[in-house]
Each structure stands twice: as structure tokens, then as C-alpha cells.
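Presented below is the structure to which this report refers.
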Amino acid sequence: MQSPMRALLALGFQAQVASAAVQIPFDSSKHLTLGQSSFQSVRNLRFDDTDPDAGQVAGVISWEQPAVGTRGFGFYAAYFSTSHEAGGTETMVEHEVIVGSLTSELIVSENTPIPTGAQYLLLYLLDGDHQKNLTTLAYACLKDKHNGINDGYARMVYFTTKGYEKADAARTYLATQPVCASQPHNIIIEMVATVYYNSAKIVRTEALEVEDFDYSDGLEADCGAPHWPNCTEPHVCIGGYCHSSTATFLVKFPSGNGFASLESGLTSNGFLLNSAVPPFYSGKGTSPGTYTIGTVAVSSEMLSSFSPCRDSPPTMSSEHCGYTPLQSDPDIGWKLCKSLVYFHMALAAVTNQFGDVILLSKDDKKDAVSALQNVWISYRNTSFVDAASAGLIQGYMGAHMGAVSRARCWQVTGVDYH
């Protein structure tokens, strides 16, 4: 079956790809609430391993009380388990925790061994007689950070998707059984402005394929019956807030799962349909000196407009005023993204609403990227890590990045991409 692969346009070409996996439409009804078996389950169960040894874990297990409260229950209990459901081999973690707080924590001691076959962290509510209520079960995928289960968090994976609903569902897919690629609190979703090269367009300015932020009214407004109205179309109500259904969202997460299986699953479940930038990653599996991911925080060191000293007399103490290094400049970040792709220094680049730029490039373009970045924002530095993606993608990236740059001098003109 041949189908237009808009996702591949991010890598500088436009074609019918006969061998690509078929992308099916996204169906939000197939995705469940993260790790919960009922409204009596705790919310946001999370745990980050801090133990330096494989096969052992340590850190803090955290969670929020159930949406319906804890009436009738006296304790929480956490378990390592071989199953995400009740009935597996369960080993209690440390001790019970008394209910009562909105957010509760359980400290896991250093060098705590992971029981044989355990791949999940379960949490139950117990009654006053310390008996588990199986309907309260919540689970999270257990991750051994240091080369344990599924190589822990061996790589950082990135991809874009269209609309917040699809991005949120992708998080659910990645954070639940059977995929268990990461824990939900480590899967970051950000609206981004995106630029990538489309070689099918001859005119050089039109060859910049751009997807801007969604600036429409009503985003992040409260929504949902019975207390709040529905969102104004095309916004969607998710988690009690209105989100964009048209903007591009970047999804990034640490994972030990194999990249090929992750990409295949995201494709077959429709998450990459109409995606601007297909998946790529850093960490395990990359080859030094080939491809690179660059990051730079585009933020101003000038006095913030929100500073209490903005309109104060110059005699005000500098210790009191100071400078605000994180005054975001997403407009400059957006222009930098366009310049990088326009001058063949990056195949694709995105910036979030805080001005954090992520770009996909080749290793031999690092110096040129840093020089161009210095034009737009001279007091920041671009950081680079080795990158990789699907072999097909790398082939097209090589063709585009091998082109001669149009840059003749490092000079910003009145045009927002050079």
C-alpha cells in the first residue's frame, strides 16, 4: 500500500513510500487512564530509581490520593510484582503508609533488590484490618535506571504528533502495559513551532515547511461538565483544560525499549500520522561522529519585564534586582530554527514556548550551527549529543545536509530566517 508520508517530509523529501508501515487512524477510545483500575485507585503513581547498581533500586515512591478520597481505608501498601494486575508474585516494598495526605511518599532504601521477574510497581489501599482491596490497584512500570530491566533508561526518544489529544494518548500507550517504555511523569509533552525542509519545493523560501504555535483564544481554559463549559472548537478538553487539536506537539521520554519497536508501535497506532518530525533518539544505539541533536535555551539575560526593579531608580541595590536569565525569547528561537534549516545546517528544528530549541543535524555541522546560533543569541551555547533514527531517515538526512549552505556571511537581515 502506498500512502503519502508527511512525516518523512521533515527529512527533506516528499515521496510515496511503498515499504513504510501502514499508519492507521488514531482512536482515542482505546486508551485507558494511566495505571488506574478504578476511581478508588491512587493517581500519578511514580518512582525514579537512584541506585547506581543494576538489579537494585532506591528512591522515593510518590502518589496522590484517589479522586474519591480515602474514606473507609487506613493504609497504603506498595509491591514489586510480576504482573500489572492482582494475582502475580508480589513482594511488599518497605512498609505500609498511613492514609491522610493529598500526596504520600514511601522511601525505598539503597540496594533494595528487584525480585526475580518483577516488572511492575503496584499500590493498593488497605482497610483498617490491613486487608488489600483489589479494586484499588494502581500500577506503574518498574524501571531499573542503571542497565537493569529493558536497559533502564538507555536512550532519550523524541517525536512530534499533531494535536494534544494524540500526544496525550501516546503518553498513555508508552507508559502502560505491554509497552512500558517509560513512566508517565517522565514523558514530556510540549507545544512546539516546527520547521523542516521540503525538497519537493523549488523556491528556497517555500522549501521551509513551517508549523507555528497555536495562539488562539481559550487554550488552557478550565473545561468539563458539570462546573465548566466545553472548549471552543477546534480545542479539546483533556484533564480539565482546553488544548489545541491543530498545533504540533513534541513528545520526549527516556526509555530502554528498542527504538525499532517503539517506532513501529507509534506508527501502527496512528500517533505519527501527519507528524512533522518522525522519531529520533540519543543515547544507546547511536554512532559517534555521524548525526547529532543540538539544544540551546534561547532566553534573554536582560532585566525581566516581570522584575520588581524594572521601573525602579538606578540606585536600587543590584543584589535586590539582579538579572533574570530565563526571560524566554521563543520568537528568537523560532527565527533560529528557520535559519538553521534554510542554511542546510539542520534537517528539522523545533522550539517550545520557552525558547528551548532542539535541532536534528549532522556531526560535521556543529561548528556552523554554533556560529549561526551566535548571530541570533551570542551569550548562549548549543550543546550536542550523538543521535540516530531509522536508516531510511538517515539516508535522506544525508542528502539534504550534504547540500552547500546558502550562507555567505553571518549577518541577520530583516527576513526572519536569515
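The table that follows gives values for the structure above.
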read-out: Estimated vicinal HN-Hα couplings, Hz - segment 178-189 in sequence order (Karplus 6.51, -1.76, 1.60; Gly, Pro = x); value: x, 6, 6, 6, 6, 8, x, 6, 9, 9, 9, 10
read-out: Segment 332-382 - convex hull of alpha carbons, volume per residue in Å³; value: 65
read-out: Extended-chain gain in nm, criterion 0.36 nm per residue less alpha-carbon gap, Val375 and Thr232; value: 47.4 nm
read-out: Potential extension, Glu105-Gln177 segment - 0.36 nm per residue separation minus Cα distance; value: 23.6 nm
read-out: Separation between Cα centres of segment 68-104 and segment 339-388, rounded to whole Å; value: 46
read-out: Total formal charge among the other residues, if their Cβ is under 15 angstrom from that of Phe75, Lys/Arg +1 and Asp/Glu -1; value: -3
read-out: Approximate shape of segment 83-165 as ellipsoid semi-axes (Cα gyration tensor, √5λ), whole Å, largest first; value: 27, 19, 14
read-out: Segment 332-343 - phi-based ³J(HN,Hα) in whole Hz, Karplus 6.51/-1.76/1.60, Gly and Pro as x; value: 5, x, 5, 5, 4, 4, 5, 5, 4, 6, 4, 8
read-out: Positive minus negative residues near Phe384 (Lys, Arg vs Asp, Glu; Cβ under 13 Å); value: -1
read-out: Efficiency of FRET from Cβ geometry, Thr290 and Ala54, R₀ 41 Å, rounded to 0.05; value: 0.90
read-out: Model label zone, Ser216; criterion: amide N under 11 Å from point 7 Å along Cα-to-beta-carbon; scope segment 232-250; value: 232-236, 243-247
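Computed from the coordinates by the stated procedures, all read-outs in this text should not be read as laboratory data. Everything numeric in this text was worked out from a predicted model, so none of it was measured. Positions of Cβ are backbone-derived with ideal geometry, glycine not excepted, and every protein chain shown enters the neighbour counts.
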